[in-house]
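Below is one structure, written out as C-alpha cells; comments come after it.
The values are calculated or read from the model by the stated rules, or taken from the named source; none is laboratory data. Worth saying up front: this structure is predicted, and the values here are computed from it rather than measured. Note: ideal-geometry Cβ built from the backbone for every residue, glycine included; neighbour counts use all protein chains shown. Heavy atoms of the whole protein, side chains included, go into the accessibility calculation; ligands, DNA and RNA do not. Shrake-Rupley method; radii C 1.70, N 1.55, O 1.52, S 1.80 Å.
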Amino acid sequence: MISLRLPPELERKLDSLAKSEGRSRSEIVKESIHEYIENRGKVKSPFELGIDLFGKHNSGLTDLAQNRKEYLRKSLSRKNEKRSSH
C-alpha cells in the first residue's frame with residue numbers, strides 16, 4: 001500500500017476528474033501510475049512524435065532537400081514553357 005500527499009490544487013483536479021468520470025481517485029491514480037511505467041521506456045524521438053504530420057503533401061521525391069534548387073529550376077522552366085506556348 002502506498003500513501004502520498006498531493007498539493008491541494010492537484011488534489012482538487014483529481015477529485016474533479018474522478019467525479020466527472022464516475023470513478024474513484026484510487027482508480028485514476030493506479031491507471032496513471034500504470035501508464036507512466038508502461039510509457040517510461042518508450043521515449044519517442046521528435047520524428048516519431050510528428051510522424052502523422054509529415055508527408056501530408058508528399059512529392060515522391062526522396063532527394064528534394066538536397067536538390068531543391070534543381071527541382072525548382074525545372075518547375076519554373078516548365079511553367080514558363082506553358083506560358084510561352086499560349
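Listed values, structure above:
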read-out: Unique match (being polar (S, T, N, Q) and assigned to a helix (DSSP H, G or I)) among SER84, SER3; value: SER84
read-out: Residues that are charged (D, E, K, R) and open to solvent by 100 Å² or more (accessible area, probe 1.4 Å), drawn from the stretch 1-24; value: ARG5, ARG12, LYS13, LYS19
read-out: Condition broken by LEU49, with the remaining ones in (1) farther than 24 Å from SER3 by Cβ; (2) assigned to a loop (DSSP other than H, G, I, E, B) satisfied; value: (2)
read-out: Scan of the stretch 41-80 for residues that are modelled with pLDDT of 85 or more and either within 30 Å of LEU14 (Cβ to Cβ) or of a type in the set (D, E, K, R) (or both), ordered by number; value: ARG68, LYS69, GLU70, ARG73, LYS74, ARG78, LYS79
read-out: Filter pass, SER45 being small (Gly, Ala, Ser) and within 22 Å of the chain's Cα centre (by Cα); value: yes
read-out: Residues of the stretch 13-37 satisfying the condition of being assigned to a helix (DSSP H, G or I) and more than 18 Å from ILE2 (Cβ to Cβ); value: LYS13, ASP15, SER16, LEU17, LYS19, SER20, GLU21
read-out: In the stretch 50-85, the residues that are among the hydrophobic types (A, V, I, L, M, F, W, C) and surrounded by 10 or more Cβ atoms within 10 Å (Cβ to Cβ); value: ILE51, LEU61, LEU64, LEU72, LEU76
